[in-house]
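The values are calculated or read from the model by the stated rules, or taken from the named source; none is laboratory data. Because the structure is predicted, anything quoted here is derived from the model rather than measured. Positions of Cβ are backbone-derived with ideal geometry, glycine not excepted, and every protein chain shown enters the neighbour counts. Heads up: the accessible areas ignore ligands, DNA and RNA and are worked out on the full protein's heavy atoms, side chains in. Shrake-Rupley method; radii C 1.70, N 1.55, O 1.52, S 1.80 Å.
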Amino acid sequence: MSNESSDLSYLGLVNPGSIYRNLSVSALIEQALAREEGELTSTGALSVRTGKYTGRSPNDKFTVDEPTVHDEIAWGKVNVPIEEEKFDRIYNRMMTYLQGKDLFVFDGFVGADPQYRLPLRAVTELAWHNLFAHQLFLRPTADELSAHVPEFTVIYVPGFKADPQHDGTNSEAFIIPNFKRRIVIIGGTQYAGEMKKSIFTVMNYLLPKQDVCPMHCSANIGEKGDVALFFGLSGTGKTTLSADPERKLIGDDEHGWSDNGIFNFEGGCYAKCINLSRENEPQIWDAIRYGSVLENVVVEPKSRVPDYDCAILTENTRAGYPVDFIPNAVIPGVGGQPSVVVFLTADAFGILPPVSELTREQAMYHFLSGYTSKLAGTERGITEPEATFSTCFGSPFLPLSPMIYARLLGEKIEKYNTRVYLINTGWSGGPYGVGRRISIKHTRAIVTAALNGSLAGVSYRQDPVFNLRVPETCPGVPAEVLNPRNTWEDKDAYDKQAIKLARLFIENFKKFSDVTSEVVNAGPRAGDMANAC
């Protein structure tokens, strides 16, 4: 529907230019091309560049601090407060900037379960940002659109920049949710992931009040209706492993777990595509076609062929596409109670076993820890593997206390008798630079065994340092691979590195002061770990 009237006066926007509301994919692409916002690739995808911001900007995110939320928000490095007065000042100047400008409006939903879905409106300055919203959020039917009343609005205006000295921001970029006014404003950056993750933050605030556990995870379902969840930070294989040709994809990134079961927040996928290949990730490869958005992927000028191996712009190259571009996607994105939860980590130290089974308390411990590791050379100043802990595998998006989310997860695991596994997709035989990454073939075999119950009847050993139950056999995986110490030539070096990593876990966990002793004791041993080896 082009140039359709859409009342935005409730935003304080009284004199906009043309308003394009819920345009079709082809119309949005035409608008983006006409405005020179991007180019079509040989696959038909729209290729765009986001300028100097090629990823999220966590230092530019603020939350409006006002009486209705002051005692709820977990203020700190993640949730940085900004006064209502400063928000209003930025907001009013943004509305002035938008007077007379053409705008694109997407009305849709977040949350595939109608009981918990949030009616959403995205107002964008750029056509391609609205295409991104159209593909990533849940698209309404004609009847739903005619009756749509937004309960939260995100306003994305990259052309408007903040003044740090005047506005109290850290740069020209800003991402500011205002829970009282039910608005998110974004400016100064073109990275589309800010829009997606700001709404994830909103859902992480709203859903726990309804006894729903919001989760940064992917989800799929087998032929027998068995649901699996995959948690993991960037680079751990969450999107790759959940896009399984033998199972149906519910969603690749954000879900809620209620007493109804699992439901996807979104209607699309936002896949990292650095080093993407058809051989390793055929479903994602084939999903990059007309209607998809490629962010910061280098494209060969003459052939227009995307070069997924080139990281000259950023390692964080992305592809956004609707979930139904995956052939076996579940529409709508809902499923039953999960039978298996998988925590993925890419341990570049080469210490953690490829798979271990977790108790409820261990699940809460590793959920709160959210461990993975950065590789040498991926960021300036990193010369060796570096441990990374992101609470609940999504620390930047948690407005409430982490214990609220951990307790919800623990309650659901116990109530529905869900099995939990920690799977390491990282290194074996030594740290990064010495050992090798665990083969995707072995990882897929481990995931298959975890999902089909093959690991339930095998013998387990207890890891003396990390306090983990490690299977001694797994179909399709050599037994020696399952014990990482056996893959190191220098066993003493392994032992020393294991103790070092365990102590990093323990030190990180000290920040959780309101955790039960059972959860604390479920982690690595704090005693004489050197002798334990």
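Observations
- Estimated at the nearest 10 Å², the accessible area of Glu151 is 90 Å² with a 1.4 Å probe.
- For His70, the solvent-accessible surface computed with a 1.4 Å probe is close to 90 Å², ligands and nucleic acids excluded.
- Over 21 Å between alpha carbons, listed pairs Lys441/Lys500; Lys61/Lys197; Lys238/Lys374: Lys441/Lys500
- For Gly268, residues with placed amide H under 5 Å, excluding near neighbours: Val323
- Which of Glu254, Glu386 is most accessible, then next, and so on - probe 1.4 Å: Glu386, Glu254
- Surface accessible to a 1.4 Å probe, per residue, for the residues of the range 418-533, Å²: 49 Å²
- Rounded percent of accessible protein surface that carbon and sulfur make up, the chain, 1.4 Å probe: 49 percent
- Farthest towards the positive end of the charge dipole of the range 409-532, among the residues Gly433, Ala522, Ile506, is the Cα of Gly433, using unit charges on the Cβ of Lys, Arg, Asp and Glu.
- J(HN,Hα) series, the range 179-191, from Karplus relation 6.51 cos²θ - 1.76 cosθ + 1.60, nearest Hz, glycine and proline x: 5, 5, 8, 6, 9, 10, 10, 9, x, x, 9, 9, 5
- Solvent-accessible heavy-atom area per residue, rounded to whole Å², over the range 205-286 at 1.4 Å: 32 Å²
- Per-residue ³J(HN,Hα) for the range 401-408, Karplus 6.51 cos²θ - 1.76 cosθ + 1.60, θ = phi - 60°, Hz, x for Gly and Pro: 4, x, 5, 4, 6, 5, 5, 4
- Per-residue SASA remark: Ser428, around 20 Å² accessible (1.4 Å probe; ligands, DNA and RNA not included).
- Within the chain, percent of DSSP bridges classed antiparallel, to nearest 5: 65 percent
- All aspartates and glutamates inside 12 Å of Lys412 as judged from Cα atoms, apart from same-chain residues fewer than 8 positions distant: Asp211, Asp259
- Under 5 Å, built H, 5+ apart or other chain: amide partners of Arg318: Cys273, Glu295, Val297
- Charges were assigned to the Cβ only: +1 to each Lys and Arg, -1 to each Asp and Glu. The resulting dipole of the range 161-268 about its Cα centre is roughly 300 debye.
- Tail beyond 16 Å, pair distance distribution of the range 111-177 (Cα, percent): 59 percent
- Column: log10 I(q)/I(0), Debye, Cα scatterers of the range 183-335, q = 0.10, 0.16 Å⁻¹: -0.37, -0.92
- Per-residue Karplus couplings for the range 273-282, computed as 6.51 cos²θ - 1.76 cosθ + 1.60 with θ equal to phi - 60°, are listed in order as 10, 5, 6, 4, 9, 5, 5, 8, 9, x Hz, Gly and Pro entered as x.
- Amide H contacts under 5 Å for Thr425: Thr345, Ala346, Asp347, restricted to partners 5 or more places along the chain or on a different chain, H placed in the peptide plane at 1.01 Å from N.
- The alpha carbon centroids of the range 478-501 and the range 282-325 are separated by 38 Å.
- Of the residues Lys496, Lys491, the one with the largest accessible area comes first in the ranking Lys496, Lys491, computed with a 1.4 Å probe on protein heavy atoms.
- Lys, Arg +1 and Asp, Glu -1 on Cβ, resulting dipole of the range 448-517 about Cα centre, debye, nearest 20: 240 debye
- Using only side-chain charges placed at the Cβ, +1 for Lys and Arg and -1 for Asp and Glu, the dipole size of the chain relative to its Cα centre rounds to 560 debye.
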